[in-house]
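Undergrad: One structure coming up, written as structure tokens, with questions to follow.
The values are calculated or read from the model by the stated rules, or taken from the named source; none is laboratory data. Owing to the predicted nature of the structure, the values given are computational and were not obtained by experimental measurement. Note that we place each Cβ from the backbone using ideal geometry, even for glycine, and neighbour counts take in every protein chain shown. Calculation scope for accessible area: heavy atoms of the full protein, side chains included, ligands and nucleic acids excluded. Shrake-Rupley method; radii C 1.70, N 1.55, O 1.52, S 1.80 Å.
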Amino acid sequence: RFRLGLGPGGKTGMESTYGLEFRSPLSNLREYVRILKALFKDGEVNFDGTYYHAHANIGGPVDVPVMVSALRRSSFQFCGEEADGAITWLCPGPYLKDIAIPEMHRASEKKNQPHPKLIAHAVVCVHEDISEVKTAMREQMSFYPKQPHYAQMFADAGFPEAKTGEWSDGMINSVVFSGSENKVNDRIEELVSTGPAELLISVITAGKDKAKSKERSMEFLGGL
């Protein structure tokens, strides 16, 4: 049941938090993924690259799929070439269908290997007052549009206003599944129809009673 998820991180976190120079993130991640996949598959690794040198063994192979976070075209191409799966975050369904999945599949086909799994992320709030849902999203996930790579992803998905660094109504509607249980269920089914193998759901809470809002969404998800 365990899958290992990796990602390149972001410039702010990598440099301010860890003091590492953030350059060539996918080239760096490519070596890291290859090291781990070799270690898990064979139980040992002997690798000398530009960024990493790894010579180790773990006593035997283990069945651990290596999955990678994906946001932009290049990262989905990367997943098609190197990973066992791609994990998205806040990507609208049409963007996954028209850009992400085709890029990943083309990359895997060029290397004559199976298509990696796609785990698609969505935000759920079972709540009928859309104005309260939008307020909740802007308060609870304000960080993401301010990051250049997320803003560019939304621009690529047809929301050029993302460059302002704020959530527009259209951006929220594209990634937040809200309304009644039936409406949220329809949005989830619509996303599933675009091709992901699994869903990753985040719950936001709206209205004055946050505990009740969370309970309603969790009860709905538990019954799917």
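Undergrad: Which trypsin sites (Lys or Arg not before Pro) in segment 166-224 pass both tests, a DSSP loop state and at most 11 other beta-carbon atoms within 10 Å?
TA: Sites meeting the loop and neighbour criteria: 208.
Undergrad: Can you pull the Kirkwood radius for segment 106-224, inverse mean 1/r over Cα pairs, to one decimal in Å?
TA: Details: mean 1/r = 0.0643 Å⁻¹.
One over the average 1/r among Cα pairs gives 15.5 Å for segment 106-224.
Undergrad: Another question about this same structure. Amide H of residue 43 versus every other amide H placed in the peptide plane: which residues, excluding those fewer than 5 positions away on the same chain, fall under 5 Å?
TA: Here 62 satisfy the definition.
Undergrad: Nearest 0.05, what FRET efficiency do residue 139 and residue 197 give at R0 = 41 Å with Cβ-Cβ as r?
TA: 0.85
Undergrad: Just the number please: accessible area per residue for segment 37-121, 1.4 Å probe, all protein chains included, in Å².
TA: Spelled out: the 1.4 Å probe surface of segment 37-121, per residue, equals 50 Å².
Undergrad: Return the long-range amide H neighbours of residue 5 (sequence gap of 5 or more, or a different chain), with a cut-off of under 5 Å between placed amide H atoms.
TA: Amide H to amide H, under 5 Å and 5 or more residues apart or across chains, residue 5 pairs with 67.
Undergrad: Follow-up. Considering the chain as a Gaussian network with a 10 Å cut-off on Cα pairs, which listed residue, 100, 211, 86, attains the greatest mean-square fluctuation?
TA: 211
Undergrad: Further question on the same structure: Bin width 10 Å, alpha-carbon pairs only: give the P(r) of the chain as whole percents, running from 0 to the bin holding the largest distance.
TA: So the P(r) values, bin by bin, are 8, 28, 33, 21, 9, 1.
Undergrad: Amide H of residue 124: which non-local residues (sequence gap of 5 or more, or other chain) have their own amide H closer than 5 Å, using H built in the peptide plane?
TA: 177, 202, 203, 204
Undergrad: Which whole-Hz couplings ³J(HN,Hα) result when phi for each residue of segment 183-195 is put into the Karplus expression 6.51 cos²θ - 1.76 cosθ + 1.60, θ = phi - 60°, listed in order with x for Gly and Pro?
TA: Values, residue by residue: 5, 5, 4, 5, 5, 5, 4, 4, 5, 4, 5, 7, x Hz.
Undergrad: What is the percent carbon and sulfur in the accessible area of the chain, measuring with a 1.4 Å probe over the protein chains and ignoring ligands? Mind dumping the intermediate values first?
TA: Values: 6120 of 12090 Å².
Roughly 51 percent, rounded to a whole number.
Undergrad: Let me ask something else about it. Express the Stokes-Einstein translational diffusion coefficient of segment 164-224 in µm² s⁻¹, to the nearest whole number, given a Kirkwood radius over alpha-carbon pairs, 4 °C and a viscosity of 1.567 mPa s.
TA: In µm²/s, the coefficient is 100.
Undergrad: How many angstrom lie between the Cα centre of segment 118-168 and the Cα centre of segment 34-98?
TA: 27 Å
Undergrad: Another one. Among 199, 118, 20, determine the one that fluctuates most according to a GNM of the chain built with springs between C-alpha atoms less than 10 Å apart.
TA: Residue with maximal mean-square fluctuation among 199, 118, 20: 20.
Undergrad: Can you give me the accessible area per residue for segment 133-224, using a 1.4 Å probe, in Å²?
TA: Spelled out: the 1.4 Å probe surface of segment 133-224, per residue, equals 53 Å².
Undergrad: If r is the Cβ-Cβ distance from residue 51 to residue 155 and R0 is 25 Å, what FRET efficiency results, to the nearest 0.05?
TA: 0.25
Undergrad: What residue among 19, 195, 85 shows peak mean-square fluctuation when the chain is described by a Gaussian network model with Cα springs under 10 Å?
TA: Among 19, 195, 85, the largest GNM mean-square fluctuation belongs to 19.
Undergrad: What share of the DSSP beta bridges in the chain is antiparallel, in percent to the nearest 5?
TA: Details: 6 of 25 bridges.
Among the beta bridges of the chain, antiparallel pairing accounts for roughly 25 percent.
Undergrad: While we're here: Taking 0.36 nm per intervening residue step and subtracting the Cα-Cα distance, what contour gain separates residue 129 from residue 63 on full extension?
TA: 19.2 nm
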